[in-house]
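This report refers to the structure that appears directly beneath it.
What follows draws every value from the coordinates through simple rules; no lab data is involved. Here the structure is a predicted model, which means the values were calculated and not measured. All Cβ positions, glycine included, derive from the backbone under ideal geometry; neighbour counts span all protein chains shown.
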Amino acid sequence: MTTAHATSPIKDLTIGRAEVADGAELWRIARGSGDLDLNSPYSYLLWCRDFADTTAVARDASGRPVGFVTGYLRPEAPRTLFVWQVAVEDSHRGTGVAGALLDALSARVAAEHGLSLVEATVTPGNVASDRLFRSYARRHGAVVTREVLFPPAAFPPADASHEPEVLYRIAPPAR
Ligand SMILES: CC(C)(COP(=O)(O)OP(=O)(O)OC[C@H]1O[C@@H](n2cnc3c(N)ncnc32)[C@H](O)[C@@H]1OP(=O)(O)O)[C@@H](O)C(=O)NCCC(=O)NCCS
């Protein structure tokens, strides 16, 4: 089922809310992305059930998901959208899909909940992710500040090679 009000500036794609039926596809896209921490299939199903409001899915003409952005409003700062994972299938990369997903999601959250700040973490080696969030900030006239949120030592020994997770905070410039 295609979500009502789904639109997209990208030809032949629509962007809309997540649905529970998308959970397995989001897991498949995350698994194929190569760069994301892959969570359990169950967690993507749960996400699509409980955080559909703050998640956006890009679909091709047949309705099949080709990219997604998952996010949530921080319980202690409900006007802050934390962007958790963004992934786009290889075949659709480099065409603006991830940027369009972020634009659509933040516009929806701003309209439905109010939005003051967008946060995400980026590992230093992930150039595409760094460019994605900087480019989003530029489009929206926002500034990016960065600080390490989770250093490698915060991760369990079994994940000792984890790069630091650097928190990007994207907000309108201070007046
Ligand atoms: C990161 C990712 C989501 C970008 O998706 P995308 O649809 O190709 O991105 P877009 O086409 O919207 O590009 C957004 C910006 O990033 C830049 N960019 C995208 N891929 C890039 C790459 N591989 N190297 C350098 N810059 C890149 C684009 O040039 C664009 O910047 P611009 O607006 O200044 O030109 C995609 O590469 C991906 O799924 N990667 C694996 C998962 C991942 O690492 N997710 C991010 C961490 S949560």
Quiz item: Arranged from highest to lowest average of other beta-carbon atoms within 10 Å per residue, in what order do the peptides 107-118, 45-56 appear?
Solution: 45-56, 107-118
Exercise. Measure off 7 Å from each Cα along the Cα-to-Cβ vector at R139 and S91, then give the distance between these two points in nanometres to one decimal.
Key: 2.3 nm
Practice problem: Quote the FRET efficiency, to the nearest 0.05, computed for V127 versus L46 with a Förster distance R0 of 35 Å and r equal to the Cβ-Cβ distance. | Solution: 0.70
Exercise. Arrange the following residues from fewest to most other Cβ atoms within 10 Å of their Cβ: I29, I170.
Key: I170, I29
Quiz prompt | Charge context of L73, other residues only, Cβ under 14 angstrom, K/R +1, D/E -1 | solution = -2
Quiz item: Tell me, what is the percent relative contact order of segment 14-171, built from C-alpha pairs under 8 Å that lie six or more residues apart?
Solution: 18 percent
Exercise. For S62 and K11, compute 0.36 nm times the residue count separating them, minus their Cα-Cα distance, and round to one decimal in nm.
Key: 17.1 nm
Exercise. Beyond 29 Å, what share of the Cα-Cα pairs of the chain is found? Please give it as a whole percent.
Key: 16 percent
Practice problem: Report the full-extension gain for the segment R74 to A174: residue separation times 0.36 nm, less the Cα-Cα distance, to one decimal in nm. | Solution: 33.9 nm
